[in-house]
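Data block below; observations after.
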Amino acid sequence: MTPEQPEASSPAARRKAFAARARSGRIVVKIGSGVITDDKGRLDLRVVRRLADDIAPLAGVRRWPFVVSSGAIAVGTSILGLASRPKTMPGLQAAAAVGQSKLVEAWSAAFRKYEIPVAQILLTHADVADRGRFLNARRTLGELVDRKAIAVINENDTVSTEEIAFGDNDQLAAEVANMVDAEILVLMSVAPGLLDAHGQRVPVVEAADPALDALIQPTKSKNGTGGMTTKLKSARAAAERGAMVAIIEGKRPGALAAVLAGEDIGTLLVPGEAKPKLKSRAAWIGYSLRARGTLVVDAGAKVALCERNKSLLPSGVVDALGAFEAGDPVEIRADGEDAPFARGLSRYGAEPLRQIRGLPSSAIREKLGFTTGDAVVHKDDLVVL
């Protein structure tokens, strides 16, 4: 092996692969509040302009950027003269309403010298959870690419409630990466990347590596809501779709261009080499939808789902927890285990399931007086995590 021909799984080879994807794929760039605001929450226009200078060259024939920009609430809080970020939902919504217009105005001005129009896209989790609205948002984003406009995307904080909110833009960025089938997701933070137990930057790692959870430190950004916990969660969701993810220090000049060129900065999180890429709908089921209940299954059912790609039958169901209805998303965990191993869409509600659990599929109609199929969760509506 020579330096010109590095091992395929080496850090150098993975950064080279990252750079190759960045030259010919769709790129989602998520910018945290702490990156584009100062310590008082005021929008730092110099940083916005510098980032636009870095992002504009990504708009080309073979690739296209999408911007997920935080900062509306922080900017609105500053404009309204509030001492700190509001703690009530109406207060957050009011701050977002004031700040969002300033945020998109700043991005529009920054891209104007490149003659690139900016489109404002505001989404809630409800927009993503509804399959029709998800696909409509995808079509809109695709049309903006055709029209050579850059989408600046943010959570619609002015109408979001706890039930329909993403909670942070890291998760939104992962959803956008799924929508547009992005090859690259860059999460710009106030931190230089993931740090190990000795405070040293982790250069390259597989996103699914369970050892990463122990490295998470509390966020240092007073204006942000995510921190490394949500970045790691979002990176894992994007990696399941086959995207490569980088966490970089957003305030560092030239950081975006450097990481996209394959330079050793930030932390690169890559998909597992042996794990197949999830299709868009499977990623939507596994990572976009919020479970309404839990199915507890026996050991045999877990093996059938995980190793044999089978549907979940009522004979393998031990219990149905929650008050979900037919068609709702549910988590699936094995009896005696705490963590779910799969997610899916249940074809029966919780109450009917409690009546048919443990029974063969042939007994469903006799027990319930109706049937919506032999499977509780069909394999086409199921994702093993």
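The values are calculated or read from the model by the stated rules, or taken from the named source; none is laboratory data. Quantities reported herein were computed from a predicted structural model and do not represent experimental measurements. Glycine gets a Cβ as well: all are built from the backbone with ideal geometry, and neighbour counts include every protein chain shown.
Points worth noting:
- Considering (1) under 25 Å from residue 209 (Cβ atoms); (2) outside the structural domain of residue 236 (by TED's automatic domain parsing), the lone condition that residue 270 does not fulfil carries the number (2).
- Output for region 72-93, where each listed residue is in contact (Cβ under 8 Å) with a residue 40 or more places away in the chain and hydrophobic (A, V, I, L, M, F, W, C): 72, 73, 74, 89, 92
- Considering each residue of region 366-374 in turn, at least one proves to be more than 26 Å from the chain's Cα centre (by Cα), surrounded by fewer than 16 Cβ atoms within 10 Å (Cβ to Cβ), touching a residue at least 40 places away in the same chain (Cβ under 8 Å) and not assigned by TED's automatic domain parsing to the domain that holds residue 130.
- Hey, residue 236 assigned by TED's automatic domain parsing to the domain that holds residue 16 and touching a Phe, Trp or Tyr at 6+ places or on another chain (Cβ under 9 Å) or not: yes
- Lone unmet requirement of (1) out of contact with any helix residue (DSSP H, G or I) (no Cβ under 8 Å at 6 or more places or on another chain); (2) in a strand (DSSP E or B); (3) closer than 24 Å to residue 177 by Cα for residue 273: (2)
- Selection count, region 89-135, where residues are among the polar types (S, T, N, Q) and modelled with pLDDT of 95 or more: 2
- Counted residues, region 322-359 - those being of a type in the set (A, V, I, L, M), part of a loop (DSSP other than H, G, I, E, B) and more than 22 Å from residue 303 (Cα to Cα): 2
- Residue in region 345-352 that is polar (S, T, N, Q) and surrounded by fewer than 16 Cβ atoms within 10 Å (Cβ to Cβ) present: no
Okay, residues lined up against (1) under 23 Å from residue 133 (Cα atoms); (2) in contact with a helix residue (DSSP H, G or I) (Cβ under 6 Å, 6 or more places away or on another chain); (3) among the basic types (Lys, Arg):
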| site | (1), (2), (3) |
| --- | --- |
| 255 | no, no, no |
| 260 | no, yes, no |
| 264 | no, no, no |
| 281 | yes, no, yes |
| 285 | yes, no, no |
| 301 | no, yes, no |
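- Looking only at residues of region 22-34 that are assigned to a helix (DSSP H, G or I) and crowded, with 19+ Cβ neighbours inside 10 Å, we find that the one that is nearest to the chain's Cα centre (by Cα) is 33.
- If only residues of region 226-258 that are buried (at least 19 other Cβ atoms within 10 Å of the Cβ) and of a type in the set (S, T, N, Q) are counted, the one that is modelled with the highest pLDDT is 234.
- Filtered residue count, region 283-309, keeping only those that are hydroxyl-bearing (Ser, Thr, Tyr) and at pLDDT below 95: 2
- Count of residues meeting criterion [touching a residue at least 60 places away in the same chain (Cβ under 8 Å), of a type in the set (Gly, Ala, Ser) and surrounded by fewer than 17 Cβ atoms within 10 Å (Cβ to Cβ)] in region 263-279: 1
- Residues in region 175-192 that are assigned to a loop (DSSP other than H, G, I, E, B) and β-branched (Val, Ile, Thr) were compared, and the one that is modelled with the highest pLDDT is 180.
Quick grid of which residues meet (1) β-branched (Val, Ile, Thr); (2) over 19 Å from residue 205 (Cβ atoms):
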{"site": "250", "(1), (2)": "no, yes"}
{"site": "260", "(1), (2)": "no, no"}
{"site": "264", "(1), (2)": "no, no"}
{"site": "267", "(1), (2)": "yes, no"}
{"site": "281", "(1), (2)": "no, yes"}
{"site": "300", "(1), (2)": "no, yes"}
{"site": "317", "(1), (2)": "yes, yes"}
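- Sole residue being assigned to a helix (DSSP H, G or I), among the hydroxyl-bearing types (Ser, Thr, Tyr) and buried (at least 16 other Cβ atoms within 10 Å of the Cβ), chosen from 362, 315: 315
- Residue 98 surrounded by 15 or more Cβ atoms within 10 Å (Cβ to Cβ) and under 22 Å from residue 245 (Cα atoms): no
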